[in-house]
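The values are calculated or read from the model by the stated rules, or taken from the named source; none is laboratory data. All values reported here derive from a predicted model rather than from experimental measurement. Using ideal geometry, Cβ is built from the backbone for each residue, glycine included, and neighbour counts are taken over all protein chains shown. Just the protein is used for accessible areas: all its heavy atoms, side chains included, with ligands, DNA and RNA removed. Shrake-Rupley method; radii C 1.70, N 1.55, O 1.52, S 1.80 Å.
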Amino acid sequence: MKGSSLAGALDDRLGGAGFLKKAMRKVFPDHWTFLLGEIALYAFVVILLTGVFLTFFFKPSMQEVVYDGSYVPLHGVTMSEAYASSLEITFEVRGGLLMRQMHHWATLIFLGAIVIHLLRNFFTGAFRKPRDLNWLIGVTLFALVLINGLFGYSLPDDLLSGAGLRILHGVIISVPLVGTYLAMFLFGGEFPGEDIIARLFSLHVLLIPALLLVLLPLHAVVLTWRQTHTQFRAKGLRNDQVRGAPFFPAFLAKTTVFFLWVTGVITLLATMFQINPIWLYGPYLPSTVSAGSQPDWYMGFLEGALRIMPPWEFTVFGSTVTMSVLIPALGAPGLLFTALALYPFAERWVTRDRAVHHLLDRPRDVPVRTALGVAGIVYYGVLWLAGGNDLIASTFHISLNATTWIFRVAIVAGPVLGYVVTHRICLGLQLRDRHTLAHGVETGVIVRGPDGGFTEIERPVTEEEQAVLEPGSPPALPPAPPAGGDVPPPAGERVRRALQRSWLN
């Protein structure tokens, strides 16, 4: 009785019983692609837990000390307290190496799941109204996690992460007018400075995680619960109908087991596969350069953009503007994230489609969007591969200059070729679907007719198959408004009509 009275009193003041009851009945469709976002969420939980453990022992200081810890090969070497404490976590703290590697592997999986989840939402049109706001939050989360991964990767102050900080310093000082002041403020003096590790630590464990803890529940829970869940077309489904299992108990049980699986996989990777062995790299020294150094995969596209950019620069009012750094360091990610953020609104402007969508598209049914997505993947992939142009040149015995020029050509021609090929493939798949609807499904059974010819027996399409094959999305686009009299439409309207014709063809 006391428990029920307390629950009633809290409900009278907070009003949570109605929301909780509705949330327990929330229906979740059963499709494997919906697990991609959950992988990201649960990897983030592992990152938080292991990160809290690491903060108990890590010392974010660049004060120099002489190492006398457990790792004998570095005895007597002068290093920063940050690097020394990272070695202490690795070799002297019980479970420290496991926690370090779990933290690193979870970050890689977190970012990989975000990318695949984002691509799934893009290719299926899950970003359309009413989820455009949630799409923007997801793109913001992606950018924040990329930045925080770079900051966390730099904290141990080993030779590899120090090389990354040197690149960051070069990017900052290349910003016209304010670059040198920003670098002096962030690094606390001339490179490598005295304050960079402490400031990156504050950003890595306080500011950016606080933003993530606000945006991630909003993206994954609040808006998802408020909106009808998306699902793929199936027989009998309508745009306002969801078919699946309720959150409690079915989905809750499955997602709990899935969380344990994600945690188990991360733990297994951290146990069996070594990653970021900072004790082999040694402490960072500005005078030391290591060959073949590569960043984590998610920063590879920035590395590639820096490597293939021609050495362009010019002088304005006595100041040198280094385009060979500004364009790849700011332009490449700026183009990527701006395109991701604006695409839902650009598609809506072209198609004039302002309807609410809860049924997802098959990528083949929207060839222009699918081709644009593949072009973006090729753009990212070429830059990522270019980040290892030195390793490619040495492994395959190709001139480094030749590999650089190959990637310079590929970054222009690759996305165009990816668009054209993907668009043609989508149209071919649509043609095949129409043939299947008209003539039936191929059975693989070959029979010989009375005239001696061979034909394949085709069975009629079932209602379930017909519901999937019929292109129910995108909807018929509204016609462009007619121009008044002989007055030609404005230039913007002519561009929109041309793009709309391309979208439909």
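Some observations on this one:
- Scope region 115-143; condition open to solvent by less than 20 Å² (accessible area, probe 1.4 Å) and either of a type in the set (Val, Ile, Thr) or not in a helix (DSSP H, G or I) (or both); matching residues: 124, 125, 126, 127, 128, 137, 139
- Scanning region 284-297 for residues that are outside any helix (DSSP H, G or I) and not small (Gly, Ala, Ser), we see that the one that is most open to solvent (accessible area, probe 1.4 Å) is 289.
- Here residue 111 passes the criteria (1) surrounded by fewer than 22 Cβ atoms within 10 Å (Cβ to Cβ); (2) in contact (Cβ under 8 Å) with a residue 60 or more places away in the chain; (3) part of a loop (DSSP other than H, G, I, E, B) except the one numbered (3).
- Test for residue 314: is it outside any loop (DSSP other than H, G, I, E, B), at negative phi, among the aromatic types (Phe, Trp, Tyr) and touching a residue at least 40 places away in the same chain (Cβ under 8 Å): no
- Of everything in region 144-163 that is crowded, with 21+ Cβ neighbours inside 10 Å and among the small types (Gly, Ala, Ser), the residue that is farthest from the chain's Cα centre (by Cα) is 162.
- Top-ranked residue of region 36-51 - restricted to ones that are of a type in the set (Val, Ile, Thr) and either closer than 30 Å to residue 126 by Cα or modelled with pLDDT under 95 (or both), ranked as surrounded by the fewest Cβ atoms within 10 Å (Cβ to Cβ): 45
- Residue, surrounded by the fewest Cβ atoms within 10 Å (Cβ to Cβ), within region 396-448, restricted to residues that are outside any helix (DSSP H, G or I) and free of Cβ contacts under 8 Å to residues at least 12 places away in the same chain: 397
- Qualifying residue in region 455-472 (condition: at pLDDT 80 or above, β-branched (Val, Ile, Thr), assigned to a helix (DSSP H, G or I) and open to solvent by less than 70 Å² (accessible area, probe 1.4 Å)): yes
- Subset of region 72-108 (residues that are hydroxyl-bearing (Ser, Thr, Tyr) and crowded, with 17+ Cβ neighbours inside 10 Å): 80, 83, 85, 86, 90, 107
- Positions within region 329-381 being in a helix (DSSP H, G or I) and in contact with a Lys or Arg (Cβ under 8 Å, 6 or more places away or on another chain), in sequence order: 344, 347, 348, 349, 350, 363, 370
- Scanning region 159-181 for residues that are assigned to a helix (DSSP H, G or I), under 21 Å from residue 309 (Cβ atoms) and of a type in the set (A, V, I, L, M, F, W, C) yields 163, 165, 167, 168, 171, 172, 173.
- Considered as a group, the residues in region 32-76 that are among the hydrophobic types (A, V, I, L, M, F, W, C) and touching a strand residue (DSSP E or B) at 6+ places or on another chain (Cβ under 9 Å) include one that is nearest to residue 95 (Cα to Cα), and that residue is 74.
- Test result for residue 126, small (Gly, Ala, Ser), farther than 30 Å from residue 33 by Cα and in contact (Cβ under 8 Å) with a residue 12 or more places away in the chain: no
- Within region 207-274, helices (runs of 4 or more DSSP H) holding 3 or more residues that are under 20 Å from the mean Cα position of the chain (by Cα), without any contact (Cβ under 8 Å) to a residue 24 or more places away in the chain and surrounded by 12 or more Cβ atoms within 10 Å (Cβ to Cβ): none
- Matching residues in region 165-185 - criterion: being more than 15 Å from residue 328 (Cα to Cα) and within 27 Å of the chain's Cα centre (by Cα): 165, 166
- For the residues 388, 300, 373, the requirement of being buried (at least 17 other Cβ atoms within 10 Å of the Cβ), under 26 Å from residue 150 (Cβ atoms) and at pLDDT 90 or above singles out 373.
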